[in-house]
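A.B. asks: Below are the structure tokens for one structure; questions will follow.
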């Protein structure tokens, strides 16, 4: 398939649906009409075959995840995603492949828990030796209210949406997965089609937030560094899916998946204690308090007996950001 | 170098300079405050080693070109570029390499002929087998005034900025280039560091525009198709640099470079005859009238003797879009 034909095909099935999209794919640039009294958030993330997803991930799931990881960044700032551009580099492009890829892009947009559609307003397709997808997401946030990593204050509670560690366990299980596991296996599903959270719930309530992509400890560390604070974390309070406990061969593996596994794309946030209830009401998913922000720097990890866990309990991955 | 360290390094040298950049690189997303009464343009383009640039292109020039091709898309819509995100995938990343790459990014931003700085507000670095850079550019355009490909009207003149064919000739000369040719050889320079035009000059004057990236005939064809018109083109009026004539072995090669060579990133526009003068005054570069929009569909190419040139005078590349 020629590149121009592919772009034409994509253009047809990617017609703009938002009122504030003046022009979608097909010209030199898309034309957007941002809301008055709002600021825009912009983020970009690249997924590369065999690095960010297993080589035998389905085309649909590649498209889905490429969108999801970017929507997650917008949500983590308290924003509402509105527009995407998608750059695809692949060794071969044919129509069936492109259709499945676009289906995956659109499914992730549709799964986002906001009231408005998300439009794909720009794109690029190229041949490359290695499959690679770069998505840029643009979203709205009320002026001056975006949630940054740097806002955590001493005494804030630390909370996390959903459950942690599923994607890491899903990756271990991946080679032995059943057909259709992207739909049926909860750990595999989380790996390839991350749950999407509605970041608008954070506005006016959370003091700091980010999405858990590198591993919970590493990501929480980014908040601590940016906010110049420390934290006390109750490791056994980290929220876990039933399937995770069943899949873990031992407690150390279980903790490692939860604390250092990446790719969960849950939101980790800090907020004053009296905002946890309102946050729970506003979010459409579980929110679990897992710790507290402290004045003394560094991260102290405690188990349910109040014992301090040291770095060797966890994988080095992520952990050494706290050294 | 670890990825986080590289991002930190980039963050330091990529500090935001625009008043309307609320937050640059370093959080989950950049925060932008768009102008009131303006719309935004967004475009994305990927460059891949050995496909979009020769494998031995310097790191500086790779960064430069990745930015330039995107700024060119914003200009072609009549916009003023404001923000970029940059996704870099490379087999190896070290500090010297990253510094040269960022120098190239910033040099292209600085070369843009507008009054305001351009901020890099988001980015991503990854390892991949093949070097690949994806840039997304966001720019301002007065509401409702973006220049689309679809606005050409019968009787409009067709004009092109600068000169055509230089990059194609530069690519032929590339293997024999001298050291420093990116600065000293006008054809090589155009290949690796395309001239950037100020698209704001087009607002209220041009009826349609795009940037010449696939080759002049192919790109003009996009305007004709989108506008549902035809054109008569005076092939011998296509503007040429002195260096191009000296480099061309024969007239056929010369014409092929001009008409079908890509990568020139000049602006091709249509406008009523009485707007050509004002466009010349507003642009900071040459503007040459090369043809006229006609009601009859298709593209007629005439030489200086009024002889109709057929497809076999040009390379098939680009030309078959008009078949």
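A.B. asks: Within the range B:107-145, how many residues turn out to be touching a strand residue (DSSP E or B) at 6+ places or on another chain (Cβ under 9 Å) and free of Cβ contacts under 8 Å to residues at least 12 places away in the same chain?
C.D. replies: Going through the range B:107-145 one residue at a time, the tally reaches 1.
A.B. asks: Return a yes/no flag: does the range B:33-44 have any residue that is farther than 27 Å from residue B:210 by Cα, buried (at least 21 other Cβ atoms within 10 Å of the Cβ) and at pLDDT 95 or above.
C.D. replies: Looking for residues that are farther than 27 Å from residue B:210 by Cα, buried (at least 21 other Cβ atoms within 10 Å of the Cβ) and at pLDDT 95 or above, one finds none in the range B:33-44, hence no.
A.B. asks: It is to be established whether one or more residues within the range A:149-170 are closer than 18 Å to residue A:44 by Cβ and within 14 Å of another protein chain (Cβ to nearest Cβ).
C.D. replies: Yes - at least one qualifying residue is present in the range A:149-170.
A.B. asks: Here's something else I'd like to know. Could you check the range B:179-209 and list, in sequence order, the residues that are within 25 Å of residue B:292 (Cβ to Cβ) and buried (at least 24 other Cβ atoms within 10 Å of the Cβ)?
C.D. replies: Of everything in the range B:179-209, those that are within 25 Å of residue B:292 (Cβ to Cβ) and buried (at least 24 other Cβ atoms within 10 Å of the Cβ) turn out to be B:197, B:199, B:201, B:202, B:206, B:208, B:209.
A.B. asks: Step by step: first the residues of the range B:45-79, then only those that are surrounded by fewer than 23 Cβ atoms within 10 Å (Cβ to Cβ) and facing chain A (nearest Cβ under 7 Å), then the one that is farthest from residue B:29 (Cα to Cα). Which residue is that?
C.D. replies: B:51
A.B. asks: Return the residues of the range A:118-138 that are modelled with pLDDT of 95 or more and either surrounded by fewer than 16 Cβ atoms within 10 Å (Cβ to Cβ) or over 27 Å from residue A:90 (Cα atoms) (or both); say none if nothing qualifies.
C.D. replies: none
A.B. asks: Six or more apart or on different chains, Cβ atoms under 6 Å: show the pairs whose first residue is in the range A:23-41 and more than 7 Å from every other protein chain (Cβ to nearest Cβ) and whose second is assigned to a loop (DSSP other than H, G, I, E, B) and crowded, with 24+ Cβ neighbours inside 10 Å.
C.D. replies: That search, which allows pairs on different chains as well, returns nothing.
A.B. asks: Can you name the residue in the range A:3-22 that is at the interface with chain B (Cβ under 10 Å from one of its Cβ atoms) and either more than 27 Å from residue A:141 (Cα to Cα) or loosely packed, with under 14 Cβ neighbours inside 10 Å (or both) and is also modelled with the highest pLDDT among such residues?
C.D. replies: It comes out as A:3.
A.B. asks: Please work out if residue B:82 is surrounded by 18 or more Cβ atoms within 10 Å (Cβ to Cβ) and assigned to a strand (DSSP E or B).
C.D. replies: Yes; evaluated as a whole, the condition is true for this residue.
A.B. asks: Tally time: how many residues in the range A:202-259 are in contact with a strand residue (DSSP E or B) (Cβ under 7 Å, 6 or more places away or on another chain) and either within 20 Å of residue A:185 (Cβ to Cβ) or outside any helix (DSSP H, G or I) (or both)?
C.D. replies: 17
A.B. asks: Taking residue A:113 as meeting all but one of (1) within 11 Å of chain B (Cβ to nearest Cβ); (2) over 28 Å from residue B:49 (Cα atoms), write down the number of the exception.
C.D. replies: With (1) within 11 Å of chain B (Cβ to nearest Cβ); (2) over 28 Å from residue B:49 (Cα atoms) applied to residue A:113, the lone miss is (1).
The values are calculated or read from the model by the stated rules, or taken from the named source; none is laboratory data. Keep in mind that what you see is a predicted model, and the values were worked out from it rather than measured. Neighbour counts are summed over all protein chains in view; Cβ atoms, including those assigned to glycine, are modelled from backbone coordinates with ideal geometry.
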